[in-house]
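Peer 1: To start, I am sharing the structure in question, which I have written as structure tokens.
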Amino acid sequence: VLNDLRNHSLKAVYDNKYQLNLIAMGFLNKPGLNLEEQKDLGDLLSICNITYNRTDKTVLPIEDGVYDLLLERYKEYNPNFQVGSEVIDFQASANDFAEREAFIDAVRFMGEDENDKIFNAFYKEDLIFPDMRIDSRDTIPIAPPEPINVTKRKHDTVHSHPELVGTLDKCKFVYIKDAVERGVDNDPKVKILERDFFMDQMAKGVINPNKQYTILMELKYDGVSVEADCTDVVISARSRGDTGIGQASDMTPILAGYKFPHRDPSESMCGVKFEAIMTRHDLQKFNDMKGYKYKNCRSAIVGLLASADSWKYRDLITLVPLQVDAETFYGPDIQGNAIAEVEYLNDKFVSHGTPMRYSVASGNVSELLYQIHLFQQEAEMARSIIPFMYDGIVIHYVDNDLREILGRENFINKYSMAIKFNPLKKQTVFRGYTFTVGQDGSITPMIHYDPVEFYGTIHPKSSGHSLKRFMELGLRVGDVIDVEYINDVMPYVDKPDNAYNDENAMKVPLFPFPNKCPICGGDIVISKTGRSAYCSNMDCEGRKSARLANMCAKLNMDGFGDATITKLRVTSLKHMMEMLNENNAMYIQSLDFGPVETVNMINEAKRIMTTPMEETVLFGSIGFTDVAEKTWRLVFENMSYEMFFDMYNHDALYNALIHIKGIGPTTANTIVEEYPFFKDDIEFMYKNANIVRYTKATGKIIRATGFRDKELFAYLRTLGFDADDNGSLTKDTDILLVPEAGHTSSKTQKAQQYGVQIIPIGDFRENIEKYL
């Protein structure tokens, strides 16, 4: 694939996109990489760098967030790896994944004046950082250069100012606690500003957490990096290219003569680093002029620069000034003064009304983190209305002595850090369905796609929810899909209406829904509404495994999820408990469990078998369809288990159940029909576990919020209390247990309103007799 790219062809990279992603996941999941794998990972990153930096593709071979994690993995072995790309020219593809024109027509781009008015009116009073507002500056039209056929520009060049060329260390979170909430704080590939920037410098003795520091906070513009020699115009210009060997692509034929109207022609030539971007206003113009359908400004600017006639569209390029070469420019007011440098750039090198937007923050480390967090949130909020693309923020220390101490390594300024936004919607490629069977027999399609990353976690699949959603999507292998992260749950998949998917529909058939159960091969029943499909076989291995995993979750058995149950190859509670003992330790390890994991599972099984378990908890967890623990309390308030067992296969049980207040015919019928499937498990638990008979509560009513403790509440019920850690709170509730003093929730608010006693759980445990 890499050789194919070097021969100016994208065919191999997209023909092998699926395989590249499988390889990428292997690199991320392996505990260690051998020398050959390290080389392969380096080549894979080179493939990513070339396609990202040199093509206008919206859907990349490896999704950008996954790439970031691969890069951090590779740095474990090769910290000197350069992020830039080899200089390889590709023709613009005009964005073959763009949505259909009919949908673009529904979007109206606001003019610059209209945009400024709305933005300033909406944010003027609310913005904590006013520098984020649109800063309209006088503009002078740029005359196009003389016609030059850019495709003849095959020669490479070297950087005139290598100190202006490079990349940034990047992180995904500001605070450690944000990564903890996402469950990725222990992943070394996921970088955190608090830990990997400030705490790392504190550990090295570079900064003092209580000392005052000043930082610049800037937007991280999403375009193409350019290093140029400038007077009042661009004299020569180069792309970032491959920083490791100083190789760059000559952009002088496109940018020479680009005018900076605020700089005096008599001022000396200096080196300036820019980000070449395209605004949303100019995106529409570019699409109209070229007949393209770009929706992504970054793809459009790459496509423009790759066009043979790119010189025609130079006035659609916006150069945002980022850094000036202080070694070439000897102005006394600029040297060593980072804030003055940015002000100088914004005064002298702005031509299209888009300066470097920044704010300044001062304080100790804790105060800086808070201000950075606010700036990041505000910048992310403003993305929808600011008329250009940026994908994060960048922070720099202002103090020049601190900059010199931290220095620059491998073309990375160590006194800076980028904090990337976590995008909530990404495009990827559909690879196929698998189907799972729930404990009630419901068949759920699982959508598999090339992996995408959200908040440091990689997602290679999503739930397809139901037969109805399956039919609505109408997916074919190879379709481009949108994956959106909604409400912190498994990503939601949609299918965009674009020309690429239209073409795929002519070549690839629709993915079929199974006509038999994918697990047991039994008959499938479609619901009356047509929304859902079910396996009708109660003995289906899929249904049994799902029931067992759900039961373990309800019993708070730690470490017994779907994957563990599948690896154990058990489909009943009895079978699992008989297996999980010391005598079978070697056999369990042969099922691909580690020694520690095996011991933990055996100990967890012991705990469940020896800890008192109320019979209503057992029946509520075992897997009866839509029959919860609350219903079983009604059952065992009116009959003993022995009575229940004697009647279970007779009409007498059904008649007895429907005469219990709160139990209707449907629930009674479910219990009678399904009990035979759970009979062995229930009898095994009564004979071998510590099953406690249910007694109707007559004592105090105890509820909980903010935590769960099945064992404690089961014990309280044995004492005759109405104790339910998941029950609702009413005016009759006596005690509400909370995890700690000061904990707030809707239940604590109700408790205060009703005069219910609120007790921290630690205090309750230590003084249980006092409260009961």
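The values are calculated or read from the model by the stated rules, or taken from the named source; none is laboratory data. As the structure is a prediction and not an experimental result, all values here were calculated from the model. Using ideal geometry, Cβ is built from the backbone for each residue, glycine included, and neighbour counts are taken over all protein chains shown. Heads up: the accessible areas ignore ligands, DNA and RNA and are worked out on the full protein's heavy atoms, side chains in. Shrake-Rupley method; radii C 1.70, N 1.55, O 1.52, S 1.80 Å.
Peer 1: Can you name the residue in segment 687-724 that is of a type outside the set (A, V, I, L, M, F, W, C), free of Cβ contacts under 8 Å to residues at least 40 places away in the same chain and in a loop (DSSP other than H, G, I, E, B) and, of all such residues, is most open to solvent (accessible area, probe 1.4 Å)?
Peer 2: The initial filter retains those residues of segment 687-724 that are of a type outside the set (A, V, I, L, M, F, W, C), namely 687-688, 690, 693-696, 698-700, 703, 705-706, 708-711, 715, 717-718, 720, 722, 724.
Applying the additional criterion that residues be free of Cβ contacts under 8 Å to residues at least 40 places away in the same chain yields 687, 695, 698, 706, 720, 722, 724.
Retained after the next criterion (residues that are in a loop (DSSP other than H, G, I, E, B)): 695, 698, 706, 720.
Values: Thr695: 83, Thr698: 127, Gly706: 56, Gly720: 13 Å².
Across segment 687-724, the extreme among qualifying residues is Thr698.
Peer 1: Pull out all pairs, ordered by first then second residue, where Cβ-Cβ is under 8 Å, the residues are six or more apart or on different chains, the first lies in segment 264-277 and is farther than 12 Å from Val234 by Cβ and open to solvent by 10 Å² or more (accessible area, probe 1.4 Å), and the second is part of a strand (DSSP E or B) and not aliphatic (A, V, I, L, M).
Peer 2: Note: pairs meeting the criteria are Lys273/Ser225; Lys273/Glu227; Lys273/Pro321; Lys273/Gln323; Glu275/Tyr221; Glu275/Ser225.
Peer 1: Take Glu604 and decide whether it is touching a helix residue (DSSP H, G or I) at 6+ places or on another chain (Cβ under 8 Å), among the acidic types (Asp, Glu) and either open to solvent by 10 Å² or more (accessible area, probe 1.4 Å) or modelled with pLDDT under 90 (or both). Break it down into steps so the answer makes sense when it comes.
Peer 2: Values: touching a helix residue (DSSP H, G or I) at 6+ places or on another chain (Cβ under 8 Å): no; among the acidic types (Asp, Glu): yes; either open to solvent by 10 Å² or more (accessible area, probe 1.4 Å) or modelled with pLDDT under 90 (or both): yes.
In short, no.
Peer 1: Continuing with the same structure: Quick one: in segment 430-469, which of the residues that are charged (D, E, K, R) and open to solvent by 10 Å² or more (accessible area, probe 1.4 Å) is nearest to Val627 (Cα to Cα)? Before the answer, list the steps.
Peer 2: Here is the first cut: in segment 430-469, the ones charged (D, E, K, R) are 431, 440, 450, 453, 461, 468-469.
Right, trim to open to solvent by 10 Å² or more (accessible area, probe 1.4 Å) and you get 431, 440, 461, 468-469.
Working: Arg431: 37, Asp440: 11, Lys461: 31, Lys468: 26, Arg469: 27 Å.
Result: Asp440.
Peer 1: Taking Gly530 and the conditions (1) in contact with a helix residue (DSSP H, G or I) (Cβ under 8 Å, 6 or more places away or on another chain); (2) outside any loop (DSSP other than H, G, I, E, B), which numbered condition does it fall short on, given that it satisfies the others?
Peer 2: In the conditions (1) in contact with a helix residue (DSSP H, G or I) (Cβ under 8 Å, 6 or more places away or on another chain); (2) outside any loop (DSSP other than H, G, I, E, B), Gly530 misses (2) alone.
Peer 1: Quick one: in segment 618-635, of everything that is over 22 Å from Phe560 (Cβ atoms), surrounded by 20 or more Cβ atoms within 10 Å (Cβ to Cβ) and without any contact (Cβ under 8 Å) to a residue 60 or more places away in the chain, which residue is farthest from the chain's Cα centre (by Cα)?
Peer 2: Filtering segment 618-635 for residues that are over 22 Å from Phe560 (Cβ atoms), surrounded by 20 or more Cβ atoms within 10 Å (Cβ to Cβ) and without any contact (Cβ under 8 Å) to a residue 60 or more places away in the chain, the one farthest from the chain's Cα centre (by Cα) comes out as Val635.
Peer 1: Counting just the residues of segment 637-650 that are part of a helix (DSSP H, G or I) and farther than 12 Å from Ile671 by Cα, which one comes out least open to solvent (accessible area, probe 1.4 Å)?
Peer 2: Our first condition is that a residue be part of a helix (DSSP H, G or I); within segment 637-650, this holds for 637-638, 641-647.
Of the ones still in play, those that are also farther than 12 Å from Ile671 by Cα are 637-638, 641-643, 646.
Working: Glu637: 77, Asn638: 92, Tyr641: 22, Glu642: 85, Met643: 97, Asp646: 107 Å².
That would be Tyr641.
Peer 1: I need the helices (runs of 4 or more DSSP H) fully contained in segment 1-61, keeping only those with at least 3 residues that are free of Cβ contacts under 8 Å to residues at least 40 places away in the same chain and not basic (Lys, Arg).
Peer 2: Numbers: elements: 2-6, 11-15, 17-29, 35-54.
Those helices (runs of 4 or more DSSP H) span 17-29, 35-54.
Peer 1: Sticking with this one: Kindly provide the set of residues from segment 475-517 that are at positive phi and touching a residue at least 24 places away in the same chain (Cβ under 8 Å), ordered by number.
Peer 2: Filtering segment 475-517 for residues at positive phi gives 478, 487-488.
Within segment 475-517, Gly478 is the sole residue that qualifies.
Peer 1: Could you list, in sequence order, all residues of segment 185-195 that are open to solvent by 50 Å² or more (accessible area, probe 1.4 Å) and assigned to a helix (DSSP H, G or I)?
Peer 2: Arg195
Peer 1: Also, quick follow-up: Give the number of residues within segment 209-242 that are farther than 12 Å from Leu319 by Cα, in contact (Cβ under 8 Å) with a residue 40 or more places away in the chain and not in a strand (DSSP E or B).
Peer 2: Going through segment 209-242 one residue at a time, the tally reaches 6.
Peer 1: Which residue is modelled with the lowest pLDDT, if the candidates are limited to segment 679-712 and must be closer than 14 Å to Thr616 by Cα and of a type in the set (Phe, Trp, Tyr)?
Peer 2: Once the filter is applied, the top-ranked residue is Tyr694.
Peer 1: Let me ask another. Would you call Tyr358 crowded, with 20+ Cβ neighbours inside 10 Å and either small (Gly, Ala, Ser) or closer than 30 Å to Thr58 by Cα (or both)? Steps first, please.
Peer 2: Values: crowded, with 20+ Cβ neighbours inside 10 Å: yes; either small (Gly, Ala, Ser) or closer than 30 Å to Thr58 by Cα (or both): yes.
Taking the combined requirement at face value, the residue satisfies it.
Peer 1: Working only within segment 662-686, note down all residues that are buried (at least 16 other Cβ atoms within 10 Å of the Cβ), over 19 Å from Ile608 (Cα atoms) and not hydroxyl-bearing (Ser, Thr, Tyr).
Peer 2: Step one: list which residues in segment 662-686 are buried (at least 16 other Cβ atoms within 10 Å of the Cβ), which gives 663, 667-668, 670-672, 674-675, 677-678, 681-682, 684-685.
When the remaining residues are screened for being over 19 Å from Ile608 (Cα atoms), the result is 663, 667-668, 670-672, 674-675, 677.
Ile663, Ala668, Ile671, Val672, Glu674, Phe677 - these are the residues of segment 662-686 that are buried (at least 16 other Cβ atoms within 10 Å of the Cβ), over 19 Å from Ile608 (Cα atoms) and not hydroxyl-bearing (Ser, Thr, Tyr).
Peer 1: Looking at (1) part of a loop (DSSP other than H, G, I, E, B); (2) in contact with a Lys or Arg (Cβ under 9 Å, 6 or more places away or on another chain); (3) modelled with pLDDT of 90 or more, can you tell me which one Val627 breaks?
Peer 2: With respect to (1) part of a loop (DSSP other than H, G, I, E, B); (2) in contact with a Lys or Arg (Cβ under 9 Å, 6 or more places away or on another chain); (3) modelled with pLDDT of 90 or more, Val627 is out only on (2).
Peer 1: Kindly indicate which of Ile372, Ile405, Ile412, Ile419 is closer than 11 Å to Ile215 by Cβ, modelled with pLDDT of 85 or more and either open to solvent by 40 Å² or more (accessible area, probe 1.4 Å) or not aromatic (Phe, Trp, Tyr) (or both). Don't jump to the end; show me each part of the working.
Peer 2: Details: Ile405 fails: closer than 11 Å to Ile215 by Cβ; Ile412 fails: closer than 11 Å to Ile215 by Cβ; Ile419 fails: closer than 11 Å to Ile215 by Cβ.
Testing whether each residue is closer than 11 Å to Ile215 by Cβ, modelled with pLDDT of 85 or more and either open to solvent by 40 Å² or more (accessible area, probe 1.4 Å) or not aromatic (Phe, Trp, Tyr) (or both) leaves just Ile372.
Peer 1: Could you check how many residues of segment 726-758 are within 39 Å of the chain's Cα centre (by Cα) and buried (at least 18 other Cβ atoms within 10 Å of the Cβ)?
Peer 2: Of the residues in that region, 8 qualify.
Peer 1: Just checking, how many residues over segment 213-246 are polar (S, T, N, Q) and under 34 Å from the mean Cα position of the chain (by Cα)? Before you say what the answer is, go through the steps one by one.
Peer 2: First, pick out the residues of segment 213-246 that are polar (S, T, N, Q): 214, 225, 231, 236, 239, 243.
So of that shortlist, the ones also under 34 Å from the mean Cα position of the chain (by Cα) come out as 214, 225, 239, 243.
Qualifying residue count, segment 213-246: 4.
Peer 1: Go through segment 405-440 residue by residue and tally those that are within 21 Å of Tyr67 (Cα to Cα) and hydroxyl-bearing (Ser, Thr, Tyr).
Peer 2: 2
Peer 1: Looking at the structure I just gave you, is Ser249 part of a loop (DSSP other than H, G, I, E, B), modelled with pLDDT under 90 and over 32 Å from the mean Cα position of the chain (by Cα)?
Peer 2: no
Peer 1: Residue under question is Gly742, and the condition is that it be touching a Ser or Thr at 6+ places or on another chain (Cβ under 9 Å) and in a loop (DSSP other than H, G, I, E, B); does it hold?
Peer 2: On the way: touching a Ser or Thr at 6+ places or on another chain (Cβ under 9 Å): no; in a loop (DSSP other than H, G, I, E, B): yes.
Against the criterion (touching a Ser or Thr at 6+ places or on another chain (Cβ under 9 Å) and in a loop (DSSP other than H, G, I, E, B)), Gly742 does not qualify.
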